[in-house]
1. Taking helices (runs of 4 or more DSSP H) that do not extend beyond region 249-323, which have at least 2 residues that are closer than 28 Å to VAL18 by Cβ, among the acidic types (Asp, Glu) and more than 16 Å from the ligand (Cβ to nearest atom)?
2. Considering GLU78, GLU41, which residue is over 24 Å from LEU7 (Cβ atoms), in contact with a Lys or Arg (Cβ under 7 Å, 6 or more places away or on another chain) and not small (Gly, Ala, Ser)?
3. For region 228-262, which residues satisfy the criterion of being of a type in the set (Gly, Ala, Ser) and either buried (at least 23 other Cβ atoms within 10 Å of the Cβ) or touching a strand residue (DSSP E or B) at 6+ places or on another chain (Cβ under 8 Å) (or both)?
4. Please count how many residues of region 55-79 are in a loop (DSSP other than H, G, I, E, B), surrounded by 18 or more Cβ atoms within 10 Å (Cβ to Cβ) and not hydroxyl-bearing (Ser, Thr, Tyr).
5. Determine if region 99-111 includes at least one residue that is closer than 25 Å to ASN321 by Cβ, in contact with a strand residue (DSSP E or B) (Cβ under 7 Å, 6 or more places away or on another chain) and in a helix (DSSP H, G or I).
6. Residue pairs, Cβ under 7 Å, 6 or more apart or interchain, first in region 299-326 and over 18 Å from LEU252 (Cα atoms), second among the small types (Gly, Ala, Ser). List them.
7. Answer with yes or no whether SER80 is touching a strand residue (DSSP E or B) at 6+ places or on another chain (Cβ under 9 Å), closer than 20 Å to VAL170 by Cα and among the polar types (S, T, N, Q).
8. Count, please, the residues in region 1-33 that happen to be more than 19 Å from GLY86 (Cβ to Cβ), in contact with a helix residue (DSSP H, G or I) (Cβ under 9 Å, 6 or more places away or on another chain) and assigned to a helix (DSSP H, G or I).
Amino acid sequence: MDFPEGLAELHTHLGGSVASEIMWSLAHEQGISLPVKDYWEFDRLVTVSDPRGVPDLDALDAIYHWSELIQSSPLAVERSIHGAIGGAYRSQGITTLELRFNPMKRNRGGERDLDHIILAAIRGLDRAELEYPQVHAGLILMMDRTFTPEQNRIVIEKAIHWAPRGVVGVDIAGPRPGHRRYDYAALLPMVQRAREGGLGVTIHVGEEGGALGGEELAEVVTVLRPDRIGHGILAATSPALMEQIAAAGIVLEICPTSNLLTKAIADEEALCALFRTFVEHGVPFTIATDGPEMMRTRLRDEFELLLRIGALDEAELRAANARGHSASFLGRR
Ligand SMILES: [Zn+2]
């Protein structure tokens, strides 16, 4: 399939968006002690290298540990953002790109100043804009489910403060503390603040967790009412929830290969059924990678996969890509 207007990528993490060779050099330039001495071993360390995927999301967090550690300096953040945007255009034909990252997971526990980290990201964005003027790119700052409310509040305030320079939205991700249900409703003041500050709101929820994940998703849809939801695939089990999502115009950011690799979706057959269910119920969605380098995919390949397995036809895929451009928070700037 050909997309003359370019592809739109709304869900990709900085920790999974930078090519291994750049990460390898960044690790060495900063003298980071690595558990491997060979580049190819490193490549396996920072990507989902087994085509059968990882056992669960915890295994994915173990990979993020390394990419976040390597990206934890102003220099590394600038180079990573710059590399991710250039890579998205060169190897994936992406022209609308939102890159998300948690600045507080890149300041070595407060050792580095948060504003320096964020401004370094903005410098990377500015440099990429000069080299690739065809790409409209923006940053999403992330809160974390393991953070205290105060830490998350600071992330939101930083996002609002730097919005005029390219921060377009906020998000939350990370493992659930103690594998207990996360209290999303407690985020409402933060989400309202972000919204008042003109930022877009997307929330990681409903990716896995069975009944618990389903409850979280329902709470997010009802209480937080974000513009978009990262994954949200558990909605497919509830016609009432799908109706609510469709009525509210909440866009799901679906990452097919990522969900297959983490076993959030069992197989291609289940993936196909998922998309047919969303189409039937009028649930709006976009297609994304979650991190092309870490997932060893390209956004173009995600479209080809969905076409090949009969999940979506060409017209539906074009509509999903068009929705990606229009549902981007970049349009608000
Ligand atoms: Zn994600």
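The values are calculated or read from the model by the stated rules, or taken from the named source; none is laboratory data. Quick caveat: nothing in here was measured; it's all calculated off a predicted structure. Cβ coordinates were reconstructed from backbone atoms using ideal geometry, including for glycine residues, and neighbour counts include every protein chain displayed.
1. Working: elements: 256-261, 268-280, 292-295, 299-308.
It comes to 299-308.
2. On the way: GLU41 fails: in contact with a Lys or Arg (Cβ under 7 Å, 6 or more places away or on another chain).
The match here is GLU78.
3. GLY230, GLY232, ALA235, SER258
4. Matching residues across region 55-79 total 1.
5. First, pick out the residues of region 99-111 that are closer than 25 Å to ASN321 by Cβ: 99-101.
Next, only the ones that are in contact with a strand residue (DSSP E or B) (Cβ under 7 Å, 6 or more places away or on another chain) stay: 99-101.
Filter once more, so that each one left must be in a helix (DSSP H, G or I): none.
Scanning region 99-111 turns up no residue that is closer than 25 Å to ASN321 by Cβ, in contact with a strand residue (DSSP E or B) (Cβ under 7 Å, 6 or more places away or on another chain) and in a helix (DSSP H, G or I).
6. Cβ pairs passing all conditions: ARG300/GLY93.
7. For SER80, the condition - touching a strand residue (DSSP E or B) at 6+ places or on another chain (Cβ under 9 Å), closer than 20 Å to VAL170 by Cα and among the polar types (S, T, N, Q) - is met.
8. The number of residues fulfilling the criteria is 1.
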